[in-house]
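First the structure, in the form of C-alpha coordinates, and then the observations on it.
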Amino acid sequence: MNNRFLRTLIYLWPILLVYPVYAQQGNISISGKVTGFEDGQPVRQASVSINKKGIGTATNAAGLFALMIPAANQADTLKISCIGFKTKQLPITDLKNGEELNIVLEKNTRELKEVTIAYYDAPKIIQKAIDRIPENYLNQPHILRGFYRMYTYSDDNPLQLSEAVFDVYNFGYADTRADLFRLIKARNEKNDRDFSSLEFGQKPNSIFEEDIVNHLHACGFLNKEGLTRHQYYVTGIVDMKGYRVYEIEFKEKPGAGDKTFRGKLYIDTKTYAFVYFDFGSNLDDLQNFGTGNFAERSLMKTGDVDFGLLYDNSKVSYQEVGKKWVLASVEGDDSVTVRSSKLTYDYIAHVKFNYQITAVDTTQKESFNSKLGRNDDINAYKSNGDEKFWKDYNILLSDYDTEGIFKQIQAINKLKKVKTDP
(Lines give C-alpha, C1' and ligand atoms only; values in the text may rest on other atoms or scores of the structure.)
Protein backbone atom coordinates (compact mmCIF):
# COMPACT_ATOMS: atom_id res chain seq x y z
CA MET A 1 0.00 0.00 0.00
CA ASN A 2 1.59 3.30 -1.07
CA ASN A 3 1.76 6.35 1.18
CA ARG A 4 -0.70 8.38 -0.86
CA PHE A 5 -3.33 5.66 -0.63
CA LEU A 6 -2.73 5.34 3.12
CA ARG A 7 -3.08 9.09 3.61
CA THR A 8 -6.36 9.08 1.69
CA LEU A 9 -7.73 6.35 3.94
CA ILE A 10 -6.75 8.43 6.96
CA TYR A 11 -8.69 11.42 5.55
CA LEU A 12 -11.66 9.14 4.97
CA TRP A 13 -11.67 7.88 8.57
CA PRO A 14 -13.50 10.89 10.14
CA ILE A 15 -16.29 10.30 7.62
CA LEU A 16 -16.52 6.63 8.47
CA LEU A 17 -16.92 7.49 12.15
CA VAL A 18 -20.35 8.99 11.53
CA TYR A 19 -21.78 5.89 9.82
CA PRO A 20 -23.45 4.49 12.98
CA VAL A 21 -25.43 7.73 13.27
CA TYR A 22 -26.79 7.25 9.76
CA ALA A 23 -27.56 3.59 10.50
CA GLN A 24 -29.85 4.63 13.35
CA GLN A 25 -31.87 6.62 10.84
CA GLY A 26 -32.22 3.62 8.52
CA ASN A 27 -29.68 4.94 6.03
CA ILE A 28 -26.78 2.95 4.61
CA SER A 29 -23.29 4.40 4.40
CA ILE A 30 -20.77 2.72 2.17
CA SER A 31 -17.22 3.41 1.05
CA GLY A 32 -14.75 1.66 -1.17
CA LYS A 33 -12.34 1.69 -4.06
CA VAL A 34 -12.82 1.38 -7.82
CA THR A 35 -10.02 -0.17 -9.88
CA GLY A 36 -9.51 -1.32 -13.45
CA PHE A 37 -9.68 -5.05 -14.20
CA GLU A 38 -6.82 -5.04 -16.69
CA ASP A 39 -4.16 -3.22 -14.66
CA GLY A 40 -5.54 -2.98 -11.12
CA GLN A 41 -5.01 0.79 -11.13
CA PRO A 42 -7.40 3.19 -9.37
CA VAL A 43 -10.16 4.59 -11.58
CA ARG A 44 -10.49 8.34 -11.07
CA GLN A 45 -13.78 10.20 -11.62
CA ALA A 46 -15.87 7.05 -11.68
CA SER A 47 -19.46 7.95 -10.90
CA VAL A 48 -20.93 6.08 -7.92
CA SER A 49 -24.63 6.86 -7.74
CA ILE A 50 -28.11 5.58 -7.08
CA ASN A 51 -29.33 4.80 -10.57
CA LYS A 52 -31.59 7.55 -11.96
CA LYS A 53 -32.20 9.08 -8.50
CA GLY A 54 -29.68 11.96 -8.62
CA ILE A 55 -27.83 10.88 -5.46
CA GLY A 56 -24.16 10.15 -5.89
CA THR A 57 -20.50 11.03 -5.75
CA ALA A 58 -17.30 10.27 -7.67
CA THR A 59 -13.98 8.58 -6.95
CA ASN A 60 -10.82 10.55 -6.26
CA ALA A 61 -7.35 9.95 -7.73
CA ALA A 62 -6.88 6.93 -5.46
CA GLY A 63 -10.17 5.45 -6.70
CA LEU A 64 -11.80 5.97 -3.29
CA PHE A 65 -15.36 7.08 -2.60
CA ALA A 66 -17.82 7.49 0.26
CA LEU A 67 -21.60 7.59 -0.13
CA MET A 68 -24.62 7.79 2.15
CA ILE A 69 -27.68 5.97 0.76
CA PRO A 70 -31.00 7.23 2.19
CA ALA A 71 -33.38 4.66 3.62
CA ALA A 72 -35.94 5.52 0.95
CA ASN A 73 -33.56 4.29 -1.77
CA GLN A 74 -32.68 0.86 -0.40
CA ALA A 75 -34.78 -0.87 -3.07
CA ASP A 76 -32.84 0.89 -5.83
CA THR A 77 -29.61 0.07 -7.65
CA LEU A 78 -26.08 1.37 -7.15
CA LYS A 79 -24.55 2.33 -10.49
CA ILE A 80 -20.78 2.58 -11.03
CA SER A 81 -19.73 4.05 -14.36
CA CYS A 82 -16.77 5.77 -15.95
CA ILE A 83 -15.83 6.83 -19.45
CA GLY A 84 -13.95 3.99 -21.16
CA PHE A 85 -15.25 1.29 -18.81
CA LYS A 86 -18.24 -1.02 -18.73
CA THR A 87 -20.97 0.11 -16.35
CA LYS A 88 -21.61 -2.04 -13.29
CA GLN A 89 -24.79 -2.14 -11.20
CA LEU A 90 -25.30 -3.57 -7.70
CA PRO A 91 -28.61 -4.07 -5.84
CA ILE A 92 -28.58 -1.84 -2.77
CA THR A 93 -30.41 -4.55 -0.82
CA ASP A 94 -27.19 -6.60 -1.04
CA LEU A 95 -25.14 -3.84 0.63
CA LYS A 96 -24.48 -3.59 4.36
CA ASN A 97 -24.12 -0.44 6.41
CA GLY A 98 -20.45 0.46 6.83
CA GLU A 99 -19.41 -1.94 4.07
CA GLU A 100 -16.19 -1.23 2.17
CA LEU A 101 -16.53 -2.28 -1.45
CA ASN A 102 -13.83 -3.29 -3.89
CA ILE A 103 -15.32 -2.61 -7.31
CA VAL A 104 -13.52 -3.69 -10.46
CA LEU A 105 -14.48 -2.21 -13.83
CA GLU A 106 -13.62 -3.77 -17.17
CA LYS A 107 -12.52 -1.60 -20.04
CA ASN A 108 -15.15 -1.02 -22.66
CA THR A 109 -13.81 -2.55 -25.85
CA ARG A 110 -17.09 -2.43 -27.75
CA GLU A 111 -16.56 -0.64 -31.05
CA LEU A 112 -19.55 1.23 -32.39
CA LYS A 113 -17.75 3.20 -35.08
CA GLU A 114 -18.77 0.79 -37.83
CA VAL A 115 -21.28 3.33 -39.17
CA THR A 116 -20.30 5.61 -42.03
CA ILE A 117 -19.97 8.95 -40.29
CA ALA A 118 -20.24 10.85 -43.58
CA TYR A 119 -24.01 10.39 -43.38
CA TYR A 120 -24.25 12.35 -40.14
CA ASP A 121 -24.65 16.12 -40.19
CA ALA A 122 -23.16 17.39 -36.91
CA PRO A 123 -24.79 20.87 -36.93
CA LYS A 124 -28.22 19.31 -37.48
CA ILE A 125 -27.65 16.83 -34.64
CA ILE A 126 -26.61 19.67 -32.33
CA GLN A 127 -29.60 21.80 -33.31
CA LYS A 128 -31.94 18.87 -32.68
CA ALA A 129 -30.34 18.40 -29.25
CA ILE A 130 -30.88 22.09 -28.47
CA ASP A 131 -34.50 21.97 -29.64
CA ARG A 132 -35.18 18.93 -27.45
CA ILE A 133 -33.82 20.41 -24.21
CA PRO A 134 -37.35 21.12 -22.86
CA GLU A 135 -38.41 17.48 -23.26
CA ASN A 136 -35.08 15.81 -22.41
CA TYR A 137 -34.20 17.69 -19.21
CA LEU A 138 -36.02 18.27 -15.94
CA ASN A 139 -38.60 20.83 -16.92
CA GLN A 140 -40.07 21.28 -13.46
CA PRO A 141 -38.82 23.08 -10.38
CA HIS A 142 -36.07 21.17 -8.60
CA ILE A 143 -33.23 21.67 -6.17
CA LEU A 144 -29.68 20.50 -6.87
CA ARG A 145 -27.54 19.94 -3.78
CA GLY A 146 -24.00 20.78 -4.82
CA PHE A 147 -20.50 20.52 -3.41
CA TYR A 148 -17.36 22.07 -4.83
CA ARG A 149 -13.69 22.13 -3.99
CA MET A 150 -11.29 24.60 -5.61
CA TYR A 151 -7.53 24.33 -5.10
CA THR A 152 -4.90 26.71 -6.44
CA TYR A 153 -1.20 25.89 -6.05
CA SER A 154 2.24 26.47 -7.54
CA ASP A 155 4.56 23.44 -7.46
CA ASP A 156 4.31 22.29 -3.83
CA ASN A 157 3.25 25.72 -2.56
CA PRO A 158 -0.49 26.00 -1.72
CA LEU A 159 -2.01 29.32 -2.74
CA GLN A 160 -5.71 28.91 -1.97
CA LEU A 161 -8.19 26.21 -1.04
CA SER A 162 -11.95 26.65 -0.78
CA GLU A 163 -14.94 24.33 -0.40
CA ALA A 164 -18.69 24.88 -0.30
CA VAL A 165 -21.96 23.00 0.08
CA PHE A 166 -24.97 24.76 -1.46
CA ASP A 167 -28.38 24.41 -3.11
CA VAL A 168 -29.33 25.61 -6.57
CA TYR A 169 -33.04 26.11 -7.26
CA ASN A 170 -33.78 25.54 -10.94
CA PHE A 171 -37.27 26.44 -12.21
CA GLY A 172 -36.89 23.98 -15.07
CA TYR A 173 -34.58 23.71 -18.06
CA ALA A 174 -37.11 25.42 -20.35
CA ASP A 175 -37.95 28.15 -17.83
CA THR A 176 -36.26 31.51 -18.42
CA ARG A 177 -36.37 32.58 -14.77
CA ALA A 178 -32.97 32.93 -13.14
CA ASP A 179 -31.67 30.19 -10.84
CA LEU A 180 -31.48 30.82 -7.10
CA PHE A 181 -28.54 30.01 -4.82
CA ARG A 182 -28.54 29.07 -1.14
CA LEU A 183 -25.23 28.59 0.67
CA ILE A 184 -25.16 25.86 3.31
CA LYS A 185 -21.52 25.95 4.38
CA ALA A 186 -18.25 27.29 3.03
CA ARG A 187 -14.63 27.56 4.07
CA ASN A 188 -11.67 29.24 2.44
CA GLU A 189 -7.98 29.80 3.20
CA LYS A 190 -5.73 31.99 1.05
CA ASN A 191 -1.94 32.31 1.16
CA ASP A 192 -1.47 36.02 1.91
CA ARG A 193 2.28 35.79 1.44
CA ASP A 194 2.33 34.51 -2.14
CA PHE A 195 -1.23 35.29 -3.26
CA SER A 196 -1.96 38.57 -1.48
CA SER A 197 -3.72 40.56 -4.19
CA LEU A 198 -5.22 37.55 -5.99
CA GLU A 199 -8.14 35.26 -5.45
CA PHE A 200 -9.72 32.46 -7.42
CA GLY A 201 -13.22 31.62 -6.28
CA GLN A 202 -16.81 31.10 -7.26
CA LYS A 203 -19.92 33.20 -7.24
CA PRO A 204 -23.51 32.03 -7.71
CA ASN A 205 -23.56 33.24 -11.31
CA SER A 206 -20.46 31.24 -12.27
CA ILE A 207 -21.90 28.16 -10.54
CA PHE A 208 -25.10 28.52 -12.56
CA GLU A 209 -23.21 28.83 -15.84
CA GLU A 210 -21.30 25.59 -15.27
CA ASP A 211 -24.61 23.94 -16.21
CA ILE A 212 -24.07 24.39 -19.95
CA VAL A 213 -27.43 23.00 -21.07
CA ASN A 214 -29.37 25.34 -18.79
CA HIS A 215 -27.27 28.38 -19.77
CA LEU A 216 -26.57 28.04 -23.49
CA HIS A 217 -26.34 31.83 -23.80
CA ALA A 218 -23.13 31.73 -21.76
CA CYS A 219 -21.57 28.81 -23.66
CA GLY A 220 -19.01 30.06 -26.16
CA PHE A 221 -19.55 27.20 -28.60
CA LEU A 222 -23.30 26.48 -28.32
CA ASN A 223 -24.85 29.94 -28.09
CA LYS A 224 -26.00 31.70 -31.26
CA GLU A 225 -22.66 33.40 -31.91
CA GLY A 226 -20.61 30.39 -30.91
CA LEU A 227 -22.39 28.13 -33.38
CA THR A 228 -21.33 30.42 -36.22
CA ARG A 229 -17.68 30.60 -35.05
CA HIS A 230 -17.05 26.86 -34.77
CA GLN A 231 -17.10 23.85 -37.06
CA TYR A 232 -18.42 20.46 -35.93
CA TYR A 233 -17.75 16.89 -37.10
CA VAL A 234 -19.27 13.55 -36.12
CA THR A 235 -16.23 11.36 -35.43
CA GLY A 236 -18.19 8.25 -34.50
CA ILE A 237 -20.89 6.59 -32.44
CA VAL A 238 -19.48 5.32 -29.15
CA ASP A 239 -20.59 3.82 -25.85
CA MET A 240 -20.45 6.25 -22.92
CA LYS A 241 -21.48 5.01 -19.49
CA GLY A 242 -23.94 2.61 -21.08
CA TYR A 243 -25.41 5.11 -23.55
CA ARG A 244 -24.96 4.98 -27.31
CA VAL A 245 -23.89 8.52 -28.21
CA TYR A 246 -22.72 10.65 -31.11
CA GLU A 247 -19.14 11.79 -30.57
CA ILE A 248 -18.83 15.26 -32.09
CA GLU A 249 -15.53 17.09 -32.33
CA PHE A 250 -15.46 20.86 -32.68
CA LYS A 251 -12.94 23.63 -33.21
CA GLU A 252 -12.81 27.21 -34.42
CA LYS A 253 -13.57 28.15 -38.00
CA PRO A 254 -10.67 29.71 -39.96
CA GLY A 255 -10.49 33.41 -39.18
CA ALA A 256 -12.84 33.18 -36.20
CA GLY A 257 -10.27 34.90 -33.98
CA ASP A 258 -10.11 34.53 -30.21
CA LYS A 259 -12.86 33.49 -27.80
CA THR A 260 -13.14 30.13 -29.48
CA PHE A 261 -12.93 26.60 -28.11
CA ARG A 262 -11.87 23.10 -29.05
CA GLY A 263 -13.15 19.81 -27.71
CA LYS A 264 -15.76 17.11 -27.95
CA LEU A 265 -19.41 16.83 -27.03
CA TYR A 266 -21.54 13.70 -26.77
CA ILE A 267 -25.23 13.43 -27.66
CA ASP A 268 -27.47 10.43 -26.99
CA THR A 269 -28.49 8.85 -30.30
CA LYS A 270 -31.94 7.88 -29.00
CA THR A 271 -33.14 11.02 -27.24
CA TYR A 272 -30.67 13.61 -28.56
CA ALA A 273 -29.80 14.66 -25.01
CA PHE A 274 -26.43 16.26 -24.32
CA VAL A 275 -24.61 13.73 -22.12
CA TYR A 276 -21.03 15.00 -21.77
CA PHE A 277 -18.72 17.88 -22.73
CA ASP A 278 -14.90 17.88 -22.77
CA PHE A 279 -13.44 21.17 -24.00
CA GLY A 280 -10.97 23.99 -23.53
CA SER A 281 -10.01 27.38 -24.92
CA ASN A 282 -8.35 27.59 -28.31
CA LEU A 283 -4.83 28.53 -27.24
CA ASP A 284 -3.43 29.01 -30.77
CA ASP A 285 -5.09 32.40 -31.25
CA LEU A 286 -5.18 33.36 -27.60
CA GLN A 287 -3.34 36.65 -27.08
CA ASN A 288 -4.49 37.68 -23.63
CA PHE A 289 -5.90 36.15 -20.50
CA GLY A 290 -9.67 36.35 -20.42
CA THR A 291 -11.69 34.62 -23.13
CA GLY A 292 -14.57 33.31 -21.06
CA ASN A 293 -12.57 30.26 -19.96
CA PHE A 294 -12.88 28.67 -16.56
CA ALA A 295 -9.88 30.45 -14.97
CA GLU A 296 -11.07 33.85 -16.15
CA ARG A 297 -14.57 33.27 -14.79
CA SER A 298 -13.12 32.18 -11.46
CA LEU A 299 -10.77 35.14 -11.01
CA MET A 300 -12.28 37.26 -8.24
CA LYS A 301 -9.66 39.87 -7.38
CA THR A 302 -6.52 41.21 -9.02
CA GLY A 303 -3.97 43.85 -8.20
CA ASP A 304 -0.96 44.83 -10.31
CA VAL A 305 -0.73 41.35 -11.84
CA ASP A 306 -0.48 40.03 -15.40
CA PHE A 307 -1.90 36.64 -16.42
CA GLY A 308 -1.33 34.28 -19.29
CA LEU A 309 -3.31 31.13 -19.98
CA LEU A 310 -1.20 28.00 -20.50
CA TYR A 311 -3.82 25.27 -20.23
CA ASP A 312 -7.61 25.19 -19.99
CA ASN A 313 -9.93 22.20 -19.78
CA SER A 314 -13.46 21.63 -18.52
CA LYS A 315 -15.50 18.44 -18.31
CA VAL A 316 -19.26 18.66 -17.75
CA SER A 317 -21.34 15.53 -17.22
CA TYR A 318 -25.12 14.94 -17.08
CA GLN A 319 -27.16 12.16 -15.47
CA GLU A 320 -30.63 10.69 -15.82
CA VAL A 321 -33.06 11.27 -12.96
CA GLY A 322 -36.12 9.23 -13.72
CA LYS A 323 -36.50 9.68 -17.46
CA LYS A 324 -35.08 13.20 -17.56
CA TRP A 325 -31.53 14.55 -17.57
CA VAL A 326 -29.88 16.96 -15.15
CA LEU A 327 -26.37 18.17 -14.29
CA ALA A 328 -24.12 15.56 -12.61
CA SER A 329 -20.62 17.02 -12.26
CA VAL A 330 -18.12 19.61 -13.46
CA GLU A 331 -14.33 19.39 -13.47
CA GLY A 332 -12.04 22.33 -14.24
CA ASP A 333 -8.28 22.19 -14.77
CA ASP A 334 -6.36 25.37 -15.67
CA SER A 335 -2.78 26.61 -15.56
CA VAL A 336 -1.92 30.32 -15.73
CA THR A 337 1.24 32.38 -15.52
CA VAL A 338 1.20 34.95 -12.72
CA ARG A 339 3.61 37.89 -12.98
CA SER A 340 3.96 41.14 -11.07
CA SER A 341 7.10 43.28 -10.84
CA LYS A 342 5.61 45.17 -7.91
CA LEU A 343 4.86 42.01 -5.92
CA THR A 344 7.83 40.05 -7.33
CA TYR A 345 5.43 37.33 -8.51
CA ASP A 346 6.57 35.09 -11.34
CA TYR A 347 5.19 31.58 -11.22
CA ILE A 348 2.67 29.19 -12.73
CA ALA A 349 -0.57 28.73 -10.79
CA HIS A 350 -2.60 25.56 -11.28
CA VAL A 351 -6.34 25.77 -10.57
CA LYS A 352 -8.26 22.54 -9.93
CA PHE A 353 -12.05 22.60 -9.56
CA ASN A 354 -14.47 19.77 -8.77
CA TYR A 355 -18.22 20.37 -8.59
CA GLN A 356 -20.46 17.41 -7.80
CA ILE A 357 -24.25 17.20 -7.64
CA THR A 358 -24.89 14.94 -4.65
CA ALA A 359 -28.70 15.02 -4.58
CA VAL A 360 -31.64 16.09 -6.74
CA ASP A 361 -34.94 17.05 -5.09
CA THR A 362 -37.97 17.27 -7.40
CA THR A 363 -40.56 17.39 -4.59
CA GLN A 364 -40.05 20.95 -3.36
CA LYS A 365 -42.18 23.25 -5.52
CA GLU A 366 -41.58 26.57 -3.79
CA SER A 367 -38.35 28.46 -4.32
CA PHE A 368 -36.19 29.64 -1.42
CA ASN A 369 -34.82 33.04 -0.50
CA SER A 370 -31.22 33.65 -1.49
CA LYS A 371 -29.02 35.79 0.74
CA LEU A 372 -26.24 35.93 -1.83
CA GLY A 373 -26.32 38.15 -4.88
CA ARG A 374 -25.52 36.53 -8.23
CA ASN A 375 -22.07 38.13 -8.27
CA ASP A 376 -21.21 37.83 -4.58
CA ASP A 377 -17.96 36.11 -3.64
CA ILE A 378 -18.85 32.79 -1.98
CA ASN A 379 -15.45 32.82 -0.26
CA ALA A 380 -16.55 35.86 1.72
CA TYR A 381 -19.15 33.76 3.57
CA LYS A 382 -16.80 31.58 5.56
CA SER A 383 -18.36 29.08 7.98
CA ASN A 384 -16.83 27.36 10.96
CA GLY A 385 -15.61 23.86 10.21
CA ASP A 386 -12.96 21.26 10.95
CA GLU A 387 -12.18 17.71 9.81
CA LYS A 388 -15.89 16.81 10.23
CA PHE A 389 -16.95 19.82 8.20
CA TRP A 390 -18.73 17.74 5.55
CA LYS A 391 -19.95 14.81 7.65
CA ASP A 392 -23.63 15.53 6.94
CA TYR A 393 -23.28 15.38 3.17
CA ASN A 394 -22.44 13.03 0.35
CA ILE A 395 -19.05 14.44 -0.53
CA LEU A 396 -16.31 14.22 -3.11
CA LEU A 397 -13.18 12.81 -1.51
CA SER A 398 -10.08 14.88 -2.15
CA ASP A 399 -7.08 13.95 -4.31
CA TYR A 400 -4.83 15.50 -1.67
CA ASP A 401 -4.54 16.16 2.06
CA THR A 402 -7.24 18.81 2.36
CA GLU A 403 -6.93 19.33 6.11
CA GLY A 404 -3.14 19.44 5.91
CA ILE A 405 -3.29 22.12 3.20
CA PHE A 406 -5.70 24.26 5.21
CA LYS A 407 -3.33 24.07 8.17
CA GLN A 408 -0.28 24.77 5.99
CA ILE A 409 -1.84 27.95 4.61
CA GLN A 410 -2.86 29.05 8.09
CA ALA A 411 0.73 28.53 9.29
CA ILE A 412 2.10 30.60 6.38
CA ASN A 413 -0.29 33.45 7.17
CA LYS A 414 0.51 33.30 10.88
CA LEU A 415 4.24 33.52 10.18
CA LYS A 416 3.73 36.41 7.77
CA LYS A 417 1.69 38.29 10.40
CA VAL A 418 4.43 37.80 13.01
CA LYS A 419 7.06 39.16 10.63
CA THR A 420 4.99 42.22 9.69
CA ASP A 421 3.80 43.13 13.19
CA PRO A 422 5.72 46.08 14.70
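The values are calculated or read from the model by the stated rules, or taken from the named source; none is laboratory data. Not measured: the values here are computed from a predicted model. Quick reminder, even Gly has a Cβ in these numbers, built from the backbone with ideal geometry, and neighbours come from all protein chains shown. Accessible surface is based on the protein model in full, side chains and every heavy atom, while ligands, DNA and RNA are left aside. Shrake-Rupley method; radii C 1.70, N 1.55, O 1.52, S 1.80 Å.
Here the Gaussian network model covers the chain, with springs between Cα atoms less than 10 Å apart; of Ile92, Ile133, Ile378, Ile92 fluctuates the most. Report summary: the helix-based calculation at 222 nm, which adds -39500 (n - 2.57) for every DSSP H run with n ≥ 4 and divides by the residues of the chain, gives -4500 deg cm²/dmol.
Using the heavy atoms of the protein chains and a 1.4 angstrom probe, tell me the accessible area per residue for segment 153-306 in square angstrom. On a per-residue basis, segment 153-306 sits at 38 Å². Compute the Cα gyration tensor for segment 30-180, then decide on rounded, prolate or oblate, letting a ≥ b ≥ c be the square roots of its eigenvalues: rounded whenever a/c is under 1.5, prolate when a/b is larger than b/c in the other cases, and oblate in all that remain. Rounded is the answer for segment 30-180, as its axis ratio a/c remains below 1.5.
A Förster radius of 35 Å, combined with the Cβ-Cβ distance separating Ile348 from Asp39, puts the computed FRET efficiency at roughly 0.70. Sparse packing (at most 16 other Cβ atoms within 10 Å of the Cβ) combined with a DSSP loop state is found for the following GluC sites (Glu not before Pro) in segment 326-404: Glu366, Glu387. Computed from backbone phi, the HN-Hα couplings of segment 236-241 come to x, 10, 10, 8, 10, 6 Hz, rounded to whole numbers (Karplus: 6.51 cos²θ - 1.76 cosθ + 1.60, θ = phi - 60°; Gly and Pro given as x). Does segment 166-214 come out rounded, prolate or oblate, given a ≥ b ≥ c as the square roots of the eigenvalues of its C-alpha gyration tensor, rounded meaning a/c under 1.5 and, failing that, prolate meaning a/b above b/c? Prolate shape, in that a/c is at least 1.5 and a/b is the bigger ratio.
For Trp325, the residues 5 or more places off, or on other chains, whose built amide H falls under 5 Å of its own are Tyr137, Leu138.
Rounded to the nearest 20, the size of the Cβ-charge dipole of the chain about its Cα centre is 640 debye, with Lys and Arg at +1 and Asp and Glu at -1. If you take the square roots of the eigenvalues of the alpha-carbon gyration tensor of segment 125-182 and sort them as a ≥ b ≥ c, do you get rounded (a/c under 1.5), prolate (a/b over b/c) or oblate? It comes out oblate by the Cα gyration axes.
Could you list the residues of segment 321-335 with an amide nitrogen less than 20 Å from a label point located 7 Å from the Cα of Arg132 in the Cα-to-C-beta direction? From segment 321-335, the list is 321-328.
For the chain, a Gaussian network of Cα nodes joined below 10 Å ranks Gly36, Gly280, Gly322 by mean-square fluctuation, and the top entry is Gly322. Report note on the peptides 167-174, 121-128, 217-224: ranked by the mean count of other C-beta atoms within 10 Å, highest first, their order is 167-174, 217-224, 121-128. A crude spin-label estimate for the pair Tyr233 and Gln74, with each label 7 Å from Cα along the Cβ direction, gives 5.4 nm. Inter-label distance, Asp284 to Lys301: 3.9 nm, where each label sits 7 Å from its Cα along the C-beta direction.
Taking Cβ atoms as reference points and 11 Å as the exclusive limit, the residues near Lys79 contribute a net charge of +2, counting Lys and Arg as +1 and Asp and Glu as -1. Close amide H pairs (under 5 Å, H built 1.01 Å from N) link Ile184 with Val165, Phe166, Asp167, residues at least 5 positions away or on another chain.
Volume per residue for the chain equals 156 cubic angstrom (convex hull of Cα atoms).
Which residue, chosen from Ile125, Leu198, Gly146, occupies the Cα position most advanced towards the positive end of the dipole of the chain, where the dipole is computed from +1 (Lys, Arg) and -1 (Asp, Glu) charges on Cβ about the Cα centre? Comparing the listed Cα positions along the dipole, Gly146 ranks first.
Evaluating kT/(6 pi eta Rh) at 25 °C and 0.890 mPa s, with the Kirkwood radius of segment 213-353 over Cα pairs in the Stokes-Einstein relation, gives 149 µm² s⁻¹. Within the accessible area of the chain, the carbon and sulfur atoms contribute 48%, probe 1.4 Å, all protein chains present. Volume per residue for segment 20-96 equals 92 cubic angstrom (convex hull of Cα atoms). Modelled spin labels at Ala256 and Lys224, positioned 7 Å past Cα toward Cβ, are 1.8 nm from each other.
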